[in-house]
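A short worksheet on the structure shown next.
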Amino acid sequence: MEIEENEEQPALDGLRREIEELRASRERLAVATDAERRDIERALHDGVQQDLVALAANLEVAAGSVDSDPAAAKALLDELQRETRRALTEIQELANRVFPALLEAGGLVAELRAAASRAGVPARIAADAAAPPEVAGAVYFCVLDVFERAPAGTSVDVNVRGEEGGVAFEIGVDGDLGSERRVPHDRVEALGGRVTITARDGRTTVAGSLPISR
């Protein structure tokens, strides 16, 4: 009996480590989610809300100038049009931070290309896997994290493919981004997936997989 217990001990120790790692991962994800929500609230209050208040005030000014000074009113309305477009862009960016809309329709490639454009990152993107929104979202935020940390002018290679029972992805970038675990990786693990980060010879590769429930 003692021999059997000793043989089982490494497996039990491994299981305990996996449970502790998963618990820690979910705790980091919860803390990061709360922080992200606070950031979005501040952005709404200090950014978009203030912009809308200013737009409303300037519209009143423009309305009062239409008869007395039409040229000034027109110039102010042109400026308000530009400010309105800027506010709409800020709202769209905030919405993408919550959850990109196209992922609901299976538009992972389109969202990744849009994210690369916003980040100013040249990217080669290949994806041939259909995935539910929560899985596509986990992949998206992993890729977005690399886009945001990639050295200026460095291209990023993204490959997403279907595999039996799930989706696998690989993100490669020339540059040492480190091997520390990031919040998007916790999101993958919270969905039952796995992520590995390899930094070697000046190149960082983030690879992972997620199961898809049938």
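Here are a few things to note about the model shown:
- Nonlocal amide H pairs with ASP176, under 5 Å, H built at 1.01 Å: none
- Overall form of region 58-170 per C-alpha gyration tensor (a/c, 1.5; a/b vs b/c): prolate
- Region 104-211 shape via C-alpha gyration tensor axes, a/c threshold 1.5: oblate
- Overall, region 104-211 carries a charge dipole of about 200 debye about its Cα centre when +1 sits on the Cβ of Lys and Arg and -1 on the Cβ of Asp and Glu, all other atoms neutral.
- In order through region 165-177: 3J(HN,Hα) via Karplus (6.51 cos²θ - 1.76 cosθ + 1.60), integer Hz, x for Gly, Pro: x, x, 10, 10, 9, 9, 10, x, 8, 6, x, 8, 8
- Length gained when the stretch THR84-GLU60 is fully extended (0.36 nm per residue, less Cα-Cα span): 7.1 nm
- Here the spin labels are modelled as points 7 Å beyond Cα on the Cα-Cβ line, and at ARG118 and GLU164 they lie 3.8 nm apart.
- Counted charge near LEU55, where neighbours are those whose Cβ lies closer than 14 Å (Asp, Glu -1; Lys, Arg +1): -3
- In this structure, the amide hydrogen of VAL167, modeled 1.01 Å from its nitrogen in the peptide plane, lies closer than 5 angstrom to those of LEU210, ILE212, counting only residues at least 5 positions away or on a different chain.
- Among the GluC sites (Glu not before Pro) in region 169-214, those located in a DSSP loop and surrounded by at most 15 other Cβ atoms within 10 Å of their own Cβ are GLU180.
- Taking the charge dipole of region 119-178 about its Cα centre, with +1 at Lys and Arg Cβ atoms and -1 at Asp and Glu Cβ atoms, the residue from CYS142, ALA168, VAL121 reaching farthest to the positive side is VAL121.
Each value in this text was obtained by applying a stated rule to the coordinates, not by laboratory testing. Bear in mind the structure is a predicted one, so any value in this text is a computation, not a measurement. Heads up, the Cβs are rebuilt from the backbone with ideal geometry, glycines too, and the neighbour counts pull from every protein chain shown.
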